[in-house]
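J.: Okay, here's the structure, questions in a sec.
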Amino acid sequence: MTEKQKILIVDDRKENLVALRQVLSAVDAEIVEATTGNQALAATLDHRFAVAILDVQMPGMSGYELAEHLRGDKNIQMFPIVFLTAAHADEQHIFKSYEAGGVDYITKPYVPEILRGKVNVFLEMARNKRELEMHRDRLETLVAERTAKLDRLLKELKCLYAISSIVAEADKTIDETLKAAVDLIPPGWQYPEITCARIRYAKLKFTSPGYRDTPWKLKAKITVSGAKDGAIEVCYLEERPALDQGPFLKEERDLIAEIARQLGDMMARKHSQKALRLSNKRFYHLMTNLNDVVWTSSANGSNLLDISIAFERVYGRPMAEFRANPGLWLDVVHPEDRHIAEASGRELFETGKATSEYRIINPDGDVRWLLDRKSMVYDEKGNPVQMGGVASDITERKQAEEQLRASLKEKEVLLREIHHRVKNNLQIISGLLTLQADQTGGKSLDEIFRKSQDRIRSMALIHEKLYSSHNLAEIAFDDYLRTLAENLFASQDIVPSRITTIFDTEPILITIEKAIPLGLIVNEIISNSLKHAFPDGRQGEIRIGLHGYKDAKSYSLKTESGTLHCTPSCELIVADNGVGLPAGQVAEMEKTLGMKLVSMLAKQIQAELEVKSGPGAEFRLIFPGLPAHETVKDSNHGG
């Protein structure tokens, strides 16, 4: 349930508070009284106020001093301040009130209706501000949830990449690799601060700091050469809510399984390497994963000795081609990355090992990313006798990293778009209120504020429709027209049985930039029909049509990036069977605020406006649609 808005009134004289409360009794808000500045400051700690009305002269702390305290305290929510006084009507005091943070300065005696009208404006502004804040909070929550999911995926990728790098280090023993790997596991889980890990292999056990066996455990077997010789265990030190059939995420179960697979592959490789070193003293790199290319050659690289079968899949070339031309290793490297491959070769001869990442180009033009790890094999005297390496296709990993960066960029763009839309809507509201202020002659305050409310609601409805869909850039305008008409009927207390609404619309998406002016146009036309077309309780109907206007000429829209040629166009018709427009008074109607808005907004979206009268009245707009190369689709629109 929405909390009732609150008004703070401050005056040291009780009779003034009673009189002011009586004037504001018709305002739908809770009134909080204070007789001193300190009481008012204390009240701001317990209440969220939409507006405050302060007396200027008060003992102890004047209204000006109280306003300065309210503006200077960062813990107090900002709200409009109106000064109300029986004296000091001179300009010096008026300027002083504005310097203290006031938005209005009213002297007694005053007209109660004017004061109530101003208070209602401030209450409406506070409600709109609150709705915008809630909308912003919902969007920020959505962004935070997506960011949290990306952070979890990034942690898992970092963990897997770090373990993959350790596993790939040929000079580490199995013990050294497992000891290093167990400390890298906890940071990859969603609650790293309470996560611990243990790796068991044969009779060996390796644990992360603070390991303790608990009921909240995730386990994966380590398989070495077909035999289950060990296990990885991840435990939570505290209980956590059960997700994905347990306290661990599905992604975490996949992660531990992949780590176990890599460790099993590593141990199998280490055993094979040890056996080969003992038998013929040649260092051989073996990979059980067929996705990697394993190779050995002579110490100077001129003679290719052996190469794994994954070579042809990764490089897209027959093995004989490389055996015949050893220099082809460098020729297939992407021109922009060739300096990386050359530097890696120099590092291999200088240090005995090298690791690099670069792109290669296959004969069909396919570009692949490789992780190239190679090292020298030395004899007992330290002389190089062979070189060998493993080339891993890391194209998918690189693509995943690029997708992560793109997702983070999308989040930044979304936040900028939120701020941009809020700023634009506030500017539109300010402009509408300014135009309304220029047209107030002879109209009641209730009518003025109701029209302003209808216009603002027509804009707010755009954002309500956007939030309820999965598309934050476009809305289903046919659905929007139905809801807008219902709201206007309710706003003007129209009985649906007296004036009926007939819709003849197609499912069409409209961008938010175009939907807001179109919504305001329809708001003005329907409001005008409800007010003037059916006098003395007359019955009738209002027809609303929305169609693609395929027979219209193409349009050119001028944008910051150039000119867009747009087709097809859309046709929007709002008509009634009422008394029609008085003969010869169409030009006079264009002088009213509503018709000025219709004409101005139609020009803004480069629409063609046609007005007909008799019988009834008909307003017809033809406006450009999306650029010709785009197709309008909305899978979430039900028609």
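J.: Do we find a residue being modelled with pLDDT of 90 or more and not in a strand (DSSP E or B) anywhere in segment 162-173?
T.: First, pick out the residues of segment 162-173 that are modelled with pLDDT of 90 or more: none.
No; the residues of segment 162-173 include none that is modelled with pLDDT of 90 or more and not in a strand (DSSP E or B).
J.: Would you please name the residue that is surrounded by the most Cβ atoms within 10 Å (Cβ to Cβ), looking only at residues in segment 180-199 that are under 14 Å from Leu218 (Cα atoms) and among the small types (Gly, Ala, Ser)?
T.: Gly188
J.: So which residues in segment 208-240 are under 18 Å from Pro192 (Cβ atoms) and in contact with a Cys (Cβ under 7 Å, 6 or more places away or on another chain), if there are any at all?
T.: Passing the criteria: Ser208, Gly210, Tyr211, Arg212, Thr214, Trp216, Lys217, Cys235, Leu237.
J.: Also, I was wondering about something else. So which pairs qualify, if the first residue must be in segment 523-541 and over 12 Å from Ile499 (Cβ atoms), the second must be surrounded by 15 or more Cβ atoms within 10 Å (Cβ to Cβ) and aromatic (Phe, Trp, Tyr), the Cβ gap must be under 7 Å, and the two must be at least 6 apart or on different chains?
T.: Ile525/Phe619
J.: Here is a follow-up. Testing Ile114 on (1) on the phi > 0 side of the Ramachandran plot; (2) open to solvent by 70 Å² or more (accessible area, probe 1.4 Å), one condition comes back false. Which one is that?
T.: Among (1) on the phi > 0 side of the Ramachandran plot; (2) open to solvent by 70 Å² or more (accessible area, probe 1.4 Å), Ile114 violates only (1).
J.: May I ask you to list the residues in segment 496-530 that are open to solvent by 70 Å² or more (accessible area, probe 1.4 Å) and modelled with pLDDT of 85 or more?
T.: Ser497, Ile502, Asp504, Pro507, listed by residue number.
J.: Okay, moving on. Given the options Glu258, Glu252, name the one that is open to solvent by less than 30 Å² (accessible area, probe 1.4 Å) and closer than 23 Å to Tyr161 by Cα.
T.: From the options Glu258, Glu252, the qualifying one is Glu252.
J.: Among what's in segment 220-249 and is basic (Lys, Arg) and at pLDDT below 90, pick the residue that is nearest to Arg152 (Cα to Cα).
T.: By that ranking, first place goes to Arg240.
J.: Looking only at segment 373-397, count how many residues are closer than 20 Å to His334 by Cα, at pLDDT below 90 and surrounded by 15 or more Cβ atoms within 10 Å (Cβ to Cβ).
T.: 8
So that you can scan it fast, the table gives a plain yes or no per residue for (1) open to solvent by 60 Å² or more (accessible area, probe 1.4 Å); (2) among the polar types (S, T, N, Q); (3) part of a helix (DSSP H, G or I); (4) under 21 Å from Ala50 (Cβ atoms):
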{"residue": "Leu123", "(1), (2), (3), (4)": "no, no, yes, yes"}
{"residue": "Arg127", "(1), (2), (3), (4)": "yes, no, yes, yes"}
{"residue": "His135", "(1), (2), (3), (4)": "no, no, yes, yes"}
{"residue": "Val143", "(1), (2), (3), (4)": "no, no, yes, no"}
{"residue": "Lys149", "(1), (2), (3), (4)": "yes, no, yes, no"}
{"residue": "Glu156", "(1), (2), (3), (4)": "no, no, yes, no"}
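J.: Which residues, counting only those in segment 55-71, are open to solvent by 60 Å² or more (accessible area, probe 1.4 Å) and of a type in the set (Gly, Ala, Ser)? Quick ask: steps written out before the conclusion?
T.: To start, the set of residues in segment 55-71 that are open to solvent by 60 Å² or more (accessible area, probe 1.4 Å) comprises 57, 59-60, 65, 68-69, 71.
Hit for segment 55-71 is Gly60, nothing else.
J.: Return the total of residues in segment 613-627 being surrounded by fewer than 14 Cβ atoms within 10 Å (Cβ to Cβ) and touching a strand residue (DSSP E or B) at 6+ places or on another chain (Cβ under 8 Å).
T.: Result for segment 613-627: 1.
J.: Something else: Can you tell me which residue in segment 216-242 is farthest from Pro187 (Cα to Cα), limited to those that are in a strand (DSSP E or B) and open to solvent by 70 Å² or more (accessible area, probe 1.4 Å)?
T.: Step by step, filter segment 216-242, then rank; the result is Lys228.
J.: Oh, and also: Taking the criterion of being polar (S, T, N, Q), modelled with pLDDT under 85 and more than 43 Å from the chain's Cα centre (by Cα), would at least one residue in segment 250-272 satisfy it? Steps first, please.
T.: Pass one, segment 250-272, residues polar (S, T, N, Q): 262, 272.
Retained after the next criterion (residues that are modelled with pLDDT under 85): 272.
Those left that are additionally more than 43 Å from the chain's Cα centre (by Cα): 272.
The answer is yes, given that some residue of segment 250-272 is polar (S, T, N, Q), modelled with pLDDT under 85 and more than 43 Å from the chain's Cα centre (by Cα).
J.: In addition: Tally time: how many residues in segment 575-594 are surrounded by 14 or more Cβ atoms within 10 Å (Cβ to Cβ) and either at pLDDT below 80 or assigned to a loop (DSSP other than H, G, I, E, B) (or both)?
T.: Summing the residues that are surrounded by 14 or more Cβ atoms within 10 Å (Cβ to Cβ) and either at pLDDT below 80 or assigned to a loop (DSSP other than H, G, I, E, B) (or both) in segment 575-594 gives 9.
J.: Further, regarding this structure: Checking Gly210 against (1) touching a strand residue (DSSP E or B) at 6+ places or on another chain (Cβ under 6 Å); (2) crowded, with 16+ Cβ neighbours inside 10 Å, which test does it fail?
T.: Gly210 satisfies every listed condition except (2).
J.: Is it true that some residue in segment 40-54 is buried (at least 18 other Cβ atoms within 10 Å of the Cβ) and of a type in the set (D, E, K, R)? Break it down into steps so the answer makes sense when it comes.
T.: Within segment 40-54, the first condition is being buried (at least 18 other Cβ atoms within 10 Å of the Cβ), and the residues that meet it are 40, 44, 49-54.
From the residues that got through so far, the ones that are of a type in the set (D, E, K, R) too are none.
No, because not a single residue in segment 40-54 is buried (at least 18 other Cβ atoms within 10 Å of the Cβ) and of a type in the set (D, E, K, R).
J.: In segment 273-286, how many residues are open to solvent by 50 Å² or more (accessible area, probe 1.4 Å), modelled with pLDDT under 80 and out of contact with any Leu (no Cβ under 9 Å at 6 or more places or on another chain)?
T.: Within segment 273-286, residues that are open to solvent by 50 Å² or more (accessible area, probe 1.4 Å), modelled with pLDDT under 80 and out of contact with any Leu (no Cβ under 9 Å at 6 or more places or on another chain) number 6.
The values are calculated or read from the model by the stated rules, or taken from the named source; none is laboratory data. Note that the structure is a prediction, hence the values are computed from the model and not measured. Every residue, glycine among them, receives a Cβ derived from its backbone with ideal geometry; neighbour counts consider all protein chains shown. Surface areas here come from the heavy atoms of the whole protein model, side chains and all, with no ligands, DNA or RNA. Shrake-Rupley method; radii C 1.70, N 1.55, O 1.52, S 1.80 Å.
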